[in-house]
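Okay, structure first, notes after.
The values are calculated or read from the model by the stated rules, or taken from the named source; none is laboratory data. Note that the coordinates shown come from a computational prediction; the quantities given were computed from them, not determined experimentally. Note: ideal-geometry Cβ built from the backbone for every residue, glycine included; neighbour counts use all protein chains shown. Heads up: the accessible areas ignore ligands, DNA and RNA and are worked out on the full protein's heavy atoms, side chains in. Shrake-Rupley method; radii C 1.70, N 1.55, O 1.52, S 1.80 Å.
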Amino acid sequence: MKHISFLLLFANLLLAYNEPFDPNDYRQREIKAVRVATPLHIDGRLEEALYSGPGYSDFIQYEPFNGAKASQKTDLWVAYDDAAVYVGARMWDEQPDSIVGRIGRRDAYLNADIFEVIIDSYHDKRTGFSFQINPAGSMRDEVYFNDTWTDDSWDGIWEGKTTIDDKGWTAEMRIPLSQLRFGKQDEYTWGILPTRYIQRSGEWDYFNYFPLNESGTMSRSAELTGIRDIKPSKRREYLPYATVGASHLPSRDENVFIKGADRHFDMGLDMKVGIGANLTVDATINPDFGQVEADPSSINLSDHETYYSEKRPFFVEGRNIFNFGNSGPTNNMSVNFSEPRFFYSRRIGRAPQGWVSADSDSLEHPNATRILGAAKISGKMGENWSIGGITALTNRERAAYYHDGVRRKKQVEPFTSYNLLRTQKQIDDGRYGIGMMGTFTRRFMDGISALGDLDTDHASETILSDQSVGLGLDGWAFLGEDRGWAMGGWAGYSRIEGSVDRMLSLQQNSSHYFQRPDADHLEVDSSMTALTGHAGRIKLNKENGNVLVNLALGWVSPGFETNDLGLTWGTDVINKHINVGYRWLERGKYIRSASASILYANNHDFSGRNTSDVLFGMANLRFTNFWSLNMNGGYGFKGVEVTELRGGPLVHGPGEYFFGSGINTDYRRDFSAFASLDLGYDTDGGDEIGVSMHMNLKLNNGINLSVGPAIFWETDMTQYITSVVDPANTIMFGKRYVVAQLDQTVTSAELRIDYPISPRLTLEGYFQPFIAVGSYSGLKEYVRPESDEFLVYGEDGSSIEYDNGYLIDPTGGSDDDAFSIYDPDFNYKAMVGTLVLRWEFSPGSTMFMVWTHNGTNFEDPGNFDLGRDLKNLANAEADDVFALKLSYWFGQ
């Protein structure tokens, strides 16, 4: 009897034994697709025979308990036919009443439960197409590139349905093969990464194990096998549109051309055509972007242009193919270095660069350059070559005006051709890569007068270049067997050609300042007709492990210039930085993860002069309650200011202490918020304080309200105003550089409302009141170069008088060196807003109803009073534009 009991006990132990769970067993996984004879009916119910067969499960947590088994089971099936890939999933849930599904517009992040599948149909382990759906049926899609980066500008045409029951929720997708890219083969192996997000617990579950201390997404995905006997789609899509609009423009009531109102009707066509298996051409004829959200207001007192993000669909969608110089390392931080770009799409169709000296009420000046047509190509060639290109032609724009009672027209922008080519090759499964980007811009300056027009002034050639070329090479290499380090970089060349007047202006503009009198390595060439330069950057980043290391060396030569089609903020700089840190990824009782690092950055110009040094630290804490905190602080050492006097000599700049902090509340909640505080103190007495918040409120399962108030106070002791020629002031090379103390207050609030009536019918609003007030005092000038000594006007024998401007005598003797300047005080107030009703009445087919509002006011310069300024803004004249746009998708 004892022997029988022992045997029973031993048998029970054997049956109860479970092999220890090791997440590393889930690094390499495979999903085999099943061919179906008839197309599946997409209803989210999982009633077809496919779903009674074996599926795939055993998802692994990425967060919050990295490497643990998923808290809720997920079952997955993948099938295909000659036209599409089908994905079905059951998300089991022990608390089905806690499932979160929210209705929202396409591509909105709704903070709901999510099922996602990412397909790497190229199987290059660096790119992928992501398809996401939540329990309410709202869909989102994006593309992956550079292994881990995402771009949600891509809008695929696919179907998805969901249901919720007492077991959890289900999702079913139909992804047409036309939305994927692949070459013809007998049998296919693709990459696939299914994921699931459980909103209430903040849990991300992946089909594969992804350790937190290792980088990579597409390179670590599973393999999708079993797909055979399919053909790449021909991919033919056509999207004609028509738009009609009316404008109420009280700001232009007195304008003889506009008379306070305007109407318009237009038509155009977007096309998408496949070339072979892997190349796609997108083309647009006479595009319209009336549904695009207005740019936010800003105030810019610097010598460089304001950067605005691209929002126009044609240029936004697929923009990742033009990503240059950033492949390889997953951390591409820059410190005190504005990396130039070969391509800045907002150059195409920008406001005309010419102007007319005429009274505003007798002037009709176009506010944008019409794009006559544009096309772009993207895809793969051969095994590992990717290619992207864009070409666009913009119209010749002319301003109409009256002079001496005669109606005239003047060219303010010539016909312009913009062209770009991008190629990239991956080697050894993406371990290495090399690429090229080339740009060419050509302007046709010759004026062609319309019948009856007097086009006597073709000034474009004095302010614009004839043509420009940019050429860049980039590449990357992952080092070590585990790809634990990544090196990347790029090098580029530019050449710009134009008239002598244009080249003279270019040498002296804010990107170059060749006229700096104490810069022995620079010289203005008054006979120049072409300007060339070079630039580049090399980066090294530690990709895996808890220790963080990032190094970079970048440079921009004095003659580098890409602003015809790209963006170059400044030149004559050599930048270096080193960042080292550590991250703690083991979850504790209160802290989920943390990181800290310290960074040193240094700049020189091309003469070898040290121009800046900065040392600072950064820290980040993520708490177990899903709050997070980030901090940074440091010191910018006292150095020289190269561009402070905007083409004048070098002067000393103050040292600066700075600190910043931001805190995020639990983003899973219906109410979440972010708050930040930024402080700065200059050793010359200047300071700055910035406070901002972003509050987000979700009502029911759909309506989303967000408010982002911000206020910024700054005292700048040496804000540049102007320069005045005075040959007698030889110590400052024949000029006087006027600066002053600027006390500035900037406040704004971004207001957004998203009201989804259904996943395909949404109302979206964006409004931004903006106030910027600046008061100048203590006008003064620099006494000598490379100093911080000043002559304060009104002291040491100088004089200053005010009468709607300043009359200044810097020596107090004769009036030979006296000069006058305008009163620079300002009070700029603006209200911009856009309200869009969007109805996707059929997949890919959309109707937009749009209202755009724009009001400004300039009363009470230099005097900030929030209540009064808001009242003045509310009572200000505002222009309103109403538009209706209808587009219909045809495709296969």
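Can you name every residue in region 771-813 that is under 30 Å from residue 830 (Cα atoms), in contact with a Phe, Trp or Tyr (Cβ under 7 Å, 6 or more places away or on another chain) and touching a residue at least 40 places away in the same chain (Cβ under 8 Å)?
Scanning region 771-813 gives 772, 773, 774, 779.
Go through region 29-64 and give me each residue that's free of Cβ contacts under 8 Å to residues at least 60 places away in the same chain and open to solvent by less than 60 Å² (accessible area, probe 1.4 Å).
The answer is 36, 48, 50, 51, 53, 55, 57.
Counting just the residues of region 837-887 that are surrounded by 17 or more Cβ atoms within 10 Å (Cβ to Cβ) and touching a helix residue (DSSP H, G or I) at 6+ places or on another chain (Cβ under 6 Å), which one comes out modelled with the lowest pLDDT?
879
Mind listing just one residue for me: the one in region 423-448 that is of a type in the set (Lys, Arg) and under 22 Å from residue 220 (Cα atoms) and, of those, most open to solvent (accessible area, probe 1.4 Å)?
Across region 423-448, the extreme among qualifying residues is 425.
Check region 643-650 and report whether any residue there is open to solvent by less than 40 Å² (accessible area, probe 1.4 Å), in contact (Cβ under 8 Å) with a residue 60 or more places away in the chain, among the aliphatic types (A, V, I, L, M) and in a strand (DSSP E or B).
Among the residues of region 643-650, not one is open to solvent by less than 40 Å² (accessible area, probe 1.4 Å), in contact (Cβ under 8 Å) with a residue 60 or more places away in the chain, among the aliphatic types (A, V, I, L, M) and in a strand (DSSP E or B), which makes the answer no.
Can you go through 588, 617 and tell me which one is exposed (fewer than 15 other Cβ atoms within 10 Å of the Cβ), small (Gly, Ala, Ser) and at pLDDT below 95?
588 is the lone residue from the list that is exposed (fewer than 15 other Cβ atoms within 10 Å of the Cβ), small (Gly, Ala, Ser) and at pLDDT below 95.
Do any strands (runs of 3 or more DSSP E) lying entirely in region 714-822 carry at least 3 residues that are of a type in the set (A, V, I, L, M, F, W, C) and farther than 24 Å from residue 611 by Cα, and which ones are they?
Those strands (runs of 3 or more DSSP E) span 735-758, 761-782.
Select the strands (runs of 3 or more DSSP E) contained entirely in region 137-183, then report the ones holding at least 3 residues which are within 22 Å of residue 219 (Cβ to Cβ).
Here the list reads 139-145, 149-151.
How many of the residues in region 463-508 are in a loop (DSSP other than H, G, I, E, B) and open to solvent by 20 Å² or more (accessible area, probe 1.4 Å)?
Summing the residues that are in a loop (DSSP other than H, G, I, E, B) and open to solvent by 20 Å² or more (accessible area, probe 1.4 Å) in region 463-508 gives 7.
Within the group 565, 522, 531, which residue is buried (at least 17 other Cβ atoms within 10 Å of the Cβ) and either without any contact (Cβ under 8 Å) to a residue 40 or more places away in the chain or β-branched (Val, Ile, Thr) (or both)?
Just a single option satisfies the conditions, and that option is 531.
Specify which of the listed residues (331, 367, 320) is surrounded by fewer than 17 Cβ atoms within 10 Å (Cβ to Cβ) and closer than 30 Å to residue 395 by Cβ.
Of the residues listed, the single one that is surrounded by fewer than 17 Cβ atoms within 10 Å (Cβ to Cβ) and closer than 30 Å to residue 395 by Cβ is 367.
Which residue is nearest to residue 143 (Cα to Cα), if the candidates are limited to region 80-122 and must be in a loop (DSSP other than H, G, I, E, B) and of a type in the set (A, V, I, L, M, F, W, C)?
108
Could you list, in sequence order, all residues of region 692-710 that are surrounded by 15 or more Cβ atoms within 10 Å (Cβ to Cβ) and polar (S, T, N, Q)?
692, 696, 701, 704, 706
Being crowded, with 21+ Cβ neighbours inside 10 Å, over 24 Å from residue 310 (Cβ atoms), out of contact with any Ser or Thr (no Cβ under 7 Å at 6 or more places or on another chain) and hydroxyl-bearing (Ser, Thr, Tyr) is the requirement here; does residue 138 meet it?
Yes.
What residue, of 127, 148, 163, is surrounded by fewer than 19 Cβ atoms within 10 Å (Cβ to Cβ), within 29 Å of residue 330 (Cβ to Cβ) and among the polar types (S, T, N, Q)?
Answer to the selection: 148.
Among the residues of region 235-255, what is the count of those that are over 18 Å from residue 288 (Cβ atoms), open to solvent by less than 40 Å² (accessible area, probe 1.4 Å) and either among the β-branched types (Val, Ile, Thr) or in a strand (DSSP E or B) (or both)?
0
Among (1) open to solvent by 50 Å² or more (accessible area, probe 1.4 Å); (2) of a type outside the set (Phe, Trp, Tyr); (3) farther than 27 Å from residue 353 by Cβ; (4) at pLDDT below 80, where does residue 277 come up short?
Against the list (1) open to solvent by 50 Å² or more (accessible area, probe 1.4 Å); (2) of a type outside the set (Phe, Trp, Tyr); (3) farther than 27 Å from residue 353 by Cβ; (4) at pLDDT below 80, residue 277 comes up short only on (1).
Listed residues 607, 593; which is surrounded by fewer than 18 Cβ atoms within 10 Å (Cβ to Cβ), in contact (Cβ under 8 Å) with a residue 12 or more places away in the chain and of a type in the set (Ser, Thr, Tyr)?
607
Among the candidates 516, 537, 483, which residue alone is of a type in the set (Lys, Arg) and over 31 Å from the mean Cα position of the chain (by Cα)?
The unique qualifying residue is 516.
Give me the pairs: first residue in region 159-187 and under 17 Å from residue 73 (Cβ atoms), second residue of a type in the set (Val, Ile, Thr) and open to solvent by 60 Å² or more (accessible area, probe 1.4 Å), beta-carbon distance under 9 Å, and six or more apart or on different chains, which are they?
170/164
Given the options 339, 364, name the one that is among the acidic types (Asp, Glu) and touching a Gly at 6+ places or on another chain (Cβ under 9 Å).
The conditions single out 339.
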